[in-house]
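Reading through the structure tokens given below for one structure.
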Amino acid sequence: MATIQIPTPLRTYTNGETEITIKGNTVGEALHDLTTQHVALKQHLYNEDGKLRAFVNIFVDGDDVRHLNGESTAINADSSLRIVPSVAGGLVYQHTINMRKSQ
Amino acid sequence: MTTSTLNSPEYHAVHIPATRSLEASVGNTPLVRLRHVTREVPKSVQIYAKTEWTNPGGSVKDRAALFIIRDAEKSGHLTPGMTLLDSTSGNMGISYATFAAARGYQVTLCLPDNVSPERKKTLQALGAELIFTDAMEGSDGAIIQAREMVAQNPDKYYYADQYNNPSSWHGHYHTTGPEIIDQTQNRITHFLCGLGTSGTMMGAGRYMKEHDDKIKIIAIQPEGPFHGIEGLKHMESSIKPGFYDEHLPDTHLPIRTEDALDMTRRLAREEGLLVGISSGAAAFAAVESAKTLKEGVIVTIFCDNGYKYLSDRLWTDGND
């Protein structure tokens with residue numbers, strides 16, 4: 001099954017999981033499955049109208065889905081998805097530093 | 001000395017002597033009144049913004065960077081031949097590189113690889129060495145990288161550590177705070193600014209409280225840990241900067257990224273102020289705060305201008 005990588009600021013809502021296996025034939029279906037597995041993620045990814053929030057970037061195998069077919073972009077069992085933050089600064093997470101220290 | 005007063009904002013030719021160096025032009029940034037995005041604000045409430053991009057390095061970070069470099073030289077921690085090292089998402093790096101170039105120091109910066117292309121190119125143009133870290137790890141990946149490099153080569157690097165270096169907030173205590181008191185002629189009633197390293201808030205806010213404890217201090221931060229307001233930090237889920245005192249602000253306001261983006265576009269199109277997204281967040285918070293007042297003078301900080309964000313979708317997506 002396809003996988004999706006979770007950036008540090010959202011790991012609070014995935015019990016610290018960094019990579020999650022997801023079901024679906026499209027990016028939209030995969031994200032629906034992700035937010036069903038981890039309900040708390042939904043409000044951070046989608047706005048009230050059910051659209052992806054402006055600063056949420058979804059990449060499939062290295063390509064931004066905005067340059068593909070958006071949430072209709074097809075995926076397969078080997079696809080590797082990433083949620084990439086649009087912000088580069090201002091995020092410092094204790095749990096990540098602790099994780100790195102313990103490695 | 002101010003170049004104009006709040007009551008006579010029209011142009012006055014003033015003698016500004018040539019400065020001995022670029023560093024002498026840091027600070028004393030103009031304070032500009034917002035007049036158009038404030039339509040729903042009572043007329044007896046005024047909102048002003050410090051236009052920090054008028055610093056030579058293009059952002060508020062010039063103040064902290066300059067104090068950090070000067071203090072490190074005075075204490076002997078930064079000596080000729082050493083390389084200044086820190087983690088940054090861009091603006092602080094640009095300020096370090098600006099002053100280090102003129103002082104003859106090398107600069108090495110660790111930064112997440114999703115920083116905007118404008119910032120990468122600016123830093124490279126200023127001669128900084130860039131070490132890119134995984135965007136998925138955010139700033140913490142960059143901080144860890146910087147710490148590892150210092151540990152391996154302690155004699156080579158001066159680790160500026162903007163999140164914990166007290167010179168960071170001292171810069172604002174000695175410059176930003178006094179300037180605002182002077183520019184408003186002691187009329188300021190509310191000081192509002194975003195939290196990143198929190199240096200601006202801790203320095204300028206502390207100065208104002210000591211000057212007049214009736215001045216209300218308002219801190220803004222993103223509503224949650226995953227957001228799109230570059231430079232601001234969601235403190236609850238973060239390592240607190242060493243000098244951050246959460247009790248200094250009287251109020252903490254959470255800001256939605258969508259509101260910040262919308263106000264950033266409005267500032268450009270209604271005020272002619274092309275500013276960064278954190279300035280949009282500050283203006284939105286200032287307007288919302290002003291709506292709750294009967295009278296007052298609110299001052300906020302516009303950290304940088306919008307030229308570093310021109311590749312951002314906020315200018316092409318319209319209202320998100």
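The values are calculated or read from the model by the stated rules, or taken from the named source; none is laboratory data. Worth saying up front: this structure is predicted, and the values here are computed from it rather than measured. Glycine also receives a Cβ, built like all others from the backbone with ideal geometry; neighbour counts cover every protein chain displayed.
State yes or no: is B:GLU223 in the same structural domain as B:HIS252 (by TED's automatic domain parsing), farther than 21 Å from B:GLN46 by Cβ, touching a residue at least 12 places away in the same chain (Cβ under 8 Å) and over 12 Å from the mean Cα position of the chain (by Cα)?
On the way: in the same structural domain as B:HIS252 (by TED's automatic domain parsing): yes; farther than 21 Å from B:GLN46 by Cβ: yes; touching a residue at least 12 places away in the same chain (Cβ under 8 Å): yes; over 12 Å from the mean Cα position of the chain (by Cα): yes.
Considered against the rule, which asks whether it is in the same structural domain as B:HIS252 (by TED's automatic domain parsing), farther than 21 Å from B:GLN46 by Cβ, touching a residue at least 12 places away in the same chain (Cβ under 8 Å) and over 12 Å from the mean Cα position of the chain (by Cα), B:GLU223 comes out as yes.
Have a look at B:ILE94, B:ILE69, B:ILE143 and point out the one that is touching a strand residue (DSSP E or B) at 6+ places or on another chain (Cβ under 9 Å), farther than 29 Å from B:ILE180 by Cβ and not assigned by TED's automatic domain parsing to the domain that holds B:TYR307. Walk me through it before giving the result.
Details: B:ILE94 fails: farther than 29 Å from B:ILE180 by Cβ; B:ILE69 fails: farther than 29 Å from B:ILE180 by Cβ.
Only one candidate qualifies: B:ILE143.
Name the residue that is farthest from A:GLY24 (Cα to Cα), counting only residues in the stretch A:62-75 that are in a loop (DSSP other than H, G, I, E, B) and at pLDDT 95 or above.
So in the stretch A:62-75, the residues in a loop (DSSP other than H, G, I, E, B) come out as A:62, A:68-69, A:73, A:75.
Filter again for at pLDDT 95 or above, leaving A:73, A:75.
Details: A:THR73: 11, A:ILE75: 8 Å.
Of everything passing the filter in the stretch A:62-75, A:THR73 is farthest from A:GLY24 (Cα to Cα).
Confirm whether B:LYS294 is in contact (Cβ under 8 Å) with a residue 40 or more places away in the chain and surrounded by fewer than 19 Cβ atoms within 10 Å (Cβ to Cβ).
Details: in contact (Cβ under 8 Å) with a residue 40 or more places away in the chain: yes; surrounded by fewer than 19 Cβ atoms within 10 Å (Cβ to Cβ): yes.
Yes: the conditions hold for B:LYS294.
Filter the stretch A:36-55 down to the residues that are modelled with pLDDT of 95 or more and either more than 13 Å from every other protein chain (Cβ to nearest Cβ) or in a loop (DSSP other than H, G, I, E, B) (or both), then identify the one that is surrounded by the fewest Cβ atoms within 10 Å (Cβ to Cβ).
Per the criteria, the residue is A:VAL39.
For B:THR184, state whether it is under 18 Å from the mean Cα position of the chain (by Cα) and either in contact (Cβ under 8 Å) with a residue 60 or more places away in the chain or more than 14 Å from chain A (Cβ to nearest Cβ) (or both).
Details: under 18 Å from the mean Cα position of the chain (by Cα): no; either in contact (Cβ under 8 Å) with a residue 60 or more places away in the chain or more than 14 Å from chain A (Cβ to nearest Cβ) (or both): yes.
Here the answer is no, as B:THR184 does not meet what is asked.
Just to be sure I understand, how many residues within the stretch B:36-48 are more than 17 Å from B:LYS294 (Cα to Cα) and either free of Cβ contacts under 8 Å to residues at least 24 places away in the same chain or in contact with a strand residue (DSSP E or B) (Cβ under 9 Å, 6 or more places away or on another chain) (or both)?
The initial filter retains those residues of the stretch B:36-48 that are more than 17 Å from B:LYS294 (Cα to Cα), namely B:36-37.
Next, from what is left, pick out any that are either free of Cβ contacts under 8 Å to residues at least 24 places away in the same chain or in contact with a strand residue (DSSP E or B) (Cβ under 9 Å, 6 or more places away or on another chain) (or both): B:37.
Qualifying residue count, the stretch B:36-48: 1.
Do you know which residues across the stretch B:241-259 are within 17 Å of the chain's Cα centre (by Cα) and facing another protein chain (nearest Cβ under 10 Å)?
Correct list: B:PRO241 only.
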